[in-house]
Amino acid sequence: MEVNTMSMNDFITPHVRDIPLSGIRKFFELEAGSDTISLGVGEPDFVTPLHVREACMRALAEGRTMYTPNAGLLELREEIAGYLGSSFQLRYDPASEVLVTVGSSEAVDLALRTLIGAGDEVLLSAPSYIAYSPIASLHGGVVVEVETSAERQFKLT
């Protein structure tokens with residue numbers, strides 16, 4: 001009887017499989033369960049405020065459990081556009097120029113996905129946020145790090 005020697009890695013495309021595990025994830029695993037305050041994965045060090053949790057429970061009780069539009073709820077996009085207008089004098093059409101994401105990593109991923117073509121060089125200041133390089137690579141970009149330093153206040157020169 002022949003034994004199947006394939007592993008899950010045999011099914012993962014090399015450009016995904018070869019992305020190294022990020023240091024931030026290694027650190028997150030080390031600190032999990034300890035009494036340290038982790039800022040590593042963008043989580044706050046406090047429980048979600050009660051009024052927010054109550055609003056979520058109300059939404060569930062009202063049956064608001066279906067998918068939203070891909071760009072986010074229009075009401076939310078209108079509020080975002082209004083905030084940008086009143087706070088920064090920026091004018092955006094909430095129906096066509098505002099997009100809601102679940103976080104900054106998704107926003108960066110979507111932006112780079114629309115801009116990077118196979119083989120495009122992506123200039124990335126170093127040091128930088130750990131996810132930028134893998135996101136660029138996943139979309140066919142070739143990352144070129146541009147070193148910065150504390151002496152120059154991490155400015156590109």
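The values are calculated or read from the model by the stated rules, or taken from the named source; none is laboratory data. Note that the structure is predicted; figures quoted are calculated from it, not measured. Methodologically, a virtual Cβ is constructed for each residue, glycine included, from the backbone with ideal geometry; neighbour enumeration extends over all protein chains shown. Keep in mind that these areas ignore ligands, DNA and RNA; they rest on the heavy atoms of the full protein, side chains included. Shrake-Rupley method; radii C 1.70, N 1.55, O 1.52, S 1.80 Å.
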Pick out, from Met8, Ile130, His51, the residue whose Cα sits farthest towards the positive end of the charge dipole of the chain, with +1 on the Cβ of Lys and Arg and -1 on the Cβ of Asp and Glu.
His51
For the chain, what does the accessible surface come to per residue with a 1.4 Å probe? Please give it in Å².
80
For Ser125, which sequence-distant residues (separation of 5 or more, or a different chain) have an amide H within less than 5 Å of its own amide H, given hydrogens modelled in the peptide plane?
Val146
Tell me, rounded to the nearest percent, the portion of alpha carbon pairs in region 42-130 spaced more than 15 Å apart.
76
Can you compute the modelled spin-label distance between Asp120 and Thr48, with each label point 7 Å from Cα toward Cβ, in nm?
3.4
From DSSP H assignment alone, runs of 4+ in the chain each adding -39500 (n - 2.57), the sum over residues rounded to the nearest 500 puts [θ] at 222 nm at -11000 deg cm²/dmol
List every residue whose amide H lies under 5 Å from the amide H of Leu99, counting only residues 5 or more places away in sequence or on a different chain, with H placed 1.01 Å from N in the peptide plane.
none
Quick one: Karplus J couplings for region 94-111, per residue in order, coefficients 6.51, -1.76, 1.60, θ = phi - 60°, nearest Hz, x for Gly and Pro?
x, 6, 10, 10, 10, 10, 9, 10, 7, x, 5, 5, 5, 4, 5, 4, 5, 5
Area of Ser86 that stays accessible when all protein chains are in place (1.4 Å probe, Å², to 10):
90
Whats the longest run of the chain with zero GluC sites (Glu not before Pro) that are DSSP loop and have at most 10 other Cβ atoms within 10 Å?
63-157
Hz values of 3J(HN,Hα) by residue in region 113-120 - Karplus curve (6.51, -1.76, 1.60), Gly and Pro given as x
4, 7, 9, 8, x, 4, x, 5
Which order do Thr65, Thr101, Thr5 take when ranked by solvent-accessible area (1.4 Å probe, heavy atoms of all protein chains), largest first?
Thr5, Thr65, Thr101
Take the Cα pairs of the chain, get the Kirkwood Rh, then feed it into Stokes-Einstein at 4 °C and 1.567 mPa s and tell me D in µm²/s.
64
